[in-house]
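Written out below as structure tokens is the structure these notes cover.
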Amino acid sequence: MTSPTETERFEQILRYLEQTRGFDFTAYKRTTLMRRVMKRMQMINIAEFDEYLDYLQVHQEEFAALFNTILINVTSFFRDPDVWSCLRDEIIPTLLESKKDEGPVRVWSAGCASGQEPYSLAILFAEALGADALRDRVKIYATDADDEALAQARAATYSQRQVADVPEALVKRCFDSVNGNFVVNRDLRRAVIFGRHDLLQDAPISKVDLLLCRNTLMYFNSEAQARIVQRLYFSLNPSGYAILGRAEMLFTHATAFTPVDLKRRVFRTVPKANARDRLLMMTPANRDGGQAASQDARLRELAFEHDSIAQLLLGADGTLSAVNGLARHKFHITARDVGRPFQDLEVSYRPAEIRGALDRAVQQRTEVRLSDVPWTVSGLLRHFDAAVCPVFEDTGTLLGIRISFHDITEMRALQIELQHSKQELETAYEELQSTNEELETTNEELQSTVEELETTNEELQSANEELETMNEELQSTNEELQAMNDELRGRGTEVNRANAFLESIFTSMSSAVVVLDRELRVKVWNDRAADLWGVRADEVHKVHFLGLDIGLPVADLRQPIREVLNGQHERATVTLPATSRRGRAIECKVSVTPLRGTERDPVGVLLFMEEIPAENVS
Ligand SMILES: C[S@@+](CC[C@H](N)C(=O)[O-])C[C@H]1O[C@@H](n2cnc3c(N)ncnc32)[C@H](O)[C@@H]1O
């Protein structure tokens with residue numbers, strides 16, 4: 001875990017980079033960024049951030065190296081072959097078809113690193129259209145924030161290893177071989193326009209038909225990613241394609257891009273909203289009201305007769321003055337009853353005691369109501385509301401009394417039904433209420449599960465991005481290791497050559513030559529020595545020389561060898577009686593000289609042994 005002070009010191013470096021170089025790294029993922037800066041510090045043996053800040057302030061050339069380490073430029077031709085076969089077989093043909101074989105095609109490779117991605121695009125368009133149409137119609141904008149990577153891209157020169165992923169036939173057609181390297185040919189180079197472009201700060205390229213932004217966004221934090229994706233979205237034509245990298249497939253991009261082929265990470269833009277206001281005109285319907293008919297007595301009469309409320313009219317003296325059809329029918333009153341005192345009629349006390357109500361209404365000069373009066377009509381029980389209403393002249397004198405019976409049977413049944421329904425509704429409402437509460441609880445649980453899932457998803461996404469980033473880093477380390485490997489292999493070849501050369505020298509020498517290290521162990525034993533003493537080189541290799549049992553009295557050489565090793569002599573020569581491989585007595589002249597390495601003291605000795613011809617022996 002990083003301590004706050006260490007974090008603060010790291011932030012100071014970022015601020016310094018922004019102030020002096022105008023490069024804002026604050027939108028990059030902190031963990032990745034810190035790891036990359038620490039990697040650079042390790043390379044130059046610096047352990048602390050503040051020490052590194054001092055170093056940056058003094059060594060201007062360090063910026064380039066640091067940027068190089070932070071802006072990981074790993075890329076290759078036709079990287080992720082699946083994506084490129086989809087581009088070749090589906091996207092590019094569809095795109096060209098939609099352009100009806102005319103009109104410019106605008107392509108953008110955002111985060112193009114050292115150019116392999118835009119040149120791969122140029123190769124595919126050249127294969128689809130031919131060199132002439134490529135030149136006339138296709139513009140591939142290739143942008144990156146790293147100047148050094150852009151310089152390499154512009155040079156368009158790649159090593160054998162870098163073009164290894166390009167099919168051989170395409171290498172032949174699209175590259176020129178120059179000094180063992182491969183240079184992208186002129187037509188393709190002219191189709192690609194390189195430029196420095198910071199995805200975080202600069203305005204996007206517009207009206208793009210095909211956008212590639214791969215393995216670039218994953219270095220940024222999620223807000224920066226969302227911001228960039230929004231810009232990329234607006235840079236694309238409505239029918240444009242976007243190819244994102246493995247780590248660029250955030251679900252949050254769904255508002256901008258919709259997948260065409262998720263596996264290959266091919267997207268199209270979500271259609272930009274086309275709001276259209278609609279105006280709804282409404283003409284109010286006017287209807288002419290009917291002209292009220294003039295009211296004549298006949299109308300009043302008939303209206304009264306056919307009223308749906310049973311009515312009786314009494315005069316001020318209490319005699320029945322008029323009775324309508326319904327009242328006659330319900331209360332068994334006949335035309336002959338008109339003119340009779342009301343209290344003589346059955347209706348005055350049945351179904352309800354109307355007489356008392358009548359007296360009260362007249363006395364109190366107000367309407368008296370009797371509610372819910374039961375009455376069996378034609379064998380059926382019905383219910384009425386009765387009203388006794390005194391009618392006064394304008395002068396206030398009593399003119400008569402109106403008695404009405406309002407049949408409320410249906411209304412009552414409805415009321416009872418309503419009551420039941422109300423109760424059922426209340427029960428249902430209570431059940432609904434409790435279901436609702438359960439739903440709310442479930443909803444809250446779901447909400448929290450969704451939130452947990454979203455968090456897990458985000459964690460997975462960020463772990464994925466982290467893995468992708470580490471993968472890129474590993475790839476870049478791998479490339480470094482491969483370069484070192486190549487160098488080591490070269491050196492090995494040189495060493496082998498030097499060894500062979502030395503061996504041929506030793507073999508060609510007419511003298512027997514023996515080389516000993518400082519411990520007097522045999523390092524070289526040439527063919528002549530083997531021939532002279534009858535012992536093969538592999539038998540004596542690393543064996544102590546003074547312990548050898550050969551025809552030479554090796555013990556007599558101890559002294560001269562010591563003296564040469566100690567630097568007492570530059571050469572010591574002794575002649576010793578010896579016995580050759582064939583058992584012949586010979587005289588052997590042995591010269592001891594020092595074997596010099598890079599140190600001051602000899603690292604061993606060289607022994608030259610020669611048989612002295614008999615005529616020279618004195
Ligand atoms: C790993 S490379 C991807 C190269 C290529 N797109 C591919 O997938 O093979 C990432 C590139 O993103 C570039 N980059 C990093 N930050 C950037 C920024 N703010 N604006 C533009 N490019 C940026 C780096 O310089 C680097 O070249």
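The values are calculated or read from the model by the stated rules, or taken from the named source; none is laboratory data. In this text, all values refer to a predicted model and were calculated from it rather than measured experimentally. All Cβ positions, even for glycine, are placed from backbone atoms using ideal geometry, and neighbour counts span all protein chains on display.
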task = Among the residues of region 184-201, count how many are within 14 Å of the ligand (Cβ to nearest atom) and either free of Cβ contacts under 8 Å to residues at least 40 places away in the same chain or within 20 Å of residue 135 (Cβ to Cβ) (or both).
result = 3
query = Considering only residues of region 218-232 that are without any contact (Cβ under 8 Å) to a residue 60 or more places away in the chain and in contact with a helix residue (DSSP H, G or I) (Cβ under 8 Å, 6 or more places away or on another chain), which is nearest to residue 463 (Cα to Cα)?
reply = 225
remark   = Filtering region 78-118 down to residues that are of a type in the set (D, E, K, R) and more than 13 Å from the ligand (Cβ to nearest atom) yields 82, 88, 89, 90, 97, 99, 100, 101, 102, 106
ask   = Just checking, how many residues over region 543-595 are acidic (Asp, Glu) and part of a strand (DSSP E or B)?
value = 1
message = Looking at the structure I just gave you, is residue 414 over 24 Å from residue 352 (Cα atoms) and either in the same structural domain as residue 220 (by TED's automatic domain parsing) or surrounded by 10 or more Cβ atoms within 10 Å (Cβ to Cβ) (or both)?
response = no
ask   = Residues in region 172-183: is at least one within 16 Å of the ligand (Cβ to nearest atom) and surrounded by 12 or more Cβ atoms within 10 Å (Cβ to Cβ)?
value = no
message = So for region 229-236 (the condition being basic (Lys, Arg) and within 18 Å of residue 117 (Cβ to Cβ)), does at least one residue qualify?
response = no
message = So residue 422 passes all but one of these: (1) basic (Lys, Arg); (2) assigned by TED's automatic domain parsing to the domain that holds residue 329; (3) free of Cβ contacts under 8 Å to residues at least 12 places away in the same chain. Which condition number does it fail?
response = (2)
request  = Scan region 504-520 and report the pairs whose first residue is in contact (Cβ under 8 Å) with a residue 24 or more places away in the chain and whose second residue is of a type in the set (Ser, Thr, Tyr), with Cβ atoms within less than 9 Å and a gap of 6+ or a chain change.
outcome  = 511/591
ask   = Among the listed residues 599, 563, 610, 570, which satisfies the condition of being loosely packed, with under 12 Cβ neighbours inside 10 Å and within 17 Å of residue 515 (Cα to Cα)?
value = 570
ask   = Out of (1) closer than 30 Å to residue 413 by Cβ; (2) among the acidic types (Asp, Glu); (3) at pLDDT below 90, the odd one out for residue 385 is which?
value = (3)
query = Would it be correct to say that residue 544 is without any contact (Cβ under 8 Å) to a residue 24 or more places away in the chain, farther than 22 Å from residue 504 by Cβ and surrounded by 12 or more Cβ atoms within 10 Å (Cβ to Cβ)?
reply = no
inquiry  = Condition first: on the phi < 0 side of the Ramachandran plot and surrounded by 14 or more Cβ atoms within 10 Å (Cβ to Cβ). Now tell me which residues in region 156-171 satisfy that.
reply    = 157, 158, 162, 163, 165, 166, 170, 171
inquiry  = What are the pairs with Cβ atoms under 9 angstrom where one residue, in region 132-160, is within 24 Å of residue 486 (Cα to Cα) and the other, located anywhere, is away from the ligand (no atom under 12 Å from the Cβ) and among the basic types (Lys, Arg)? Sequence gap at least six, or different chains.
reply    = 156/189
message = When you scan region 403-421, do you find a residue that is basic (Lys, Arg) and either under 60 Å from the mean Cα position of the chain (by Cα) or not in a helix (DSSP H, G or I) (or both), even just one?
response = no
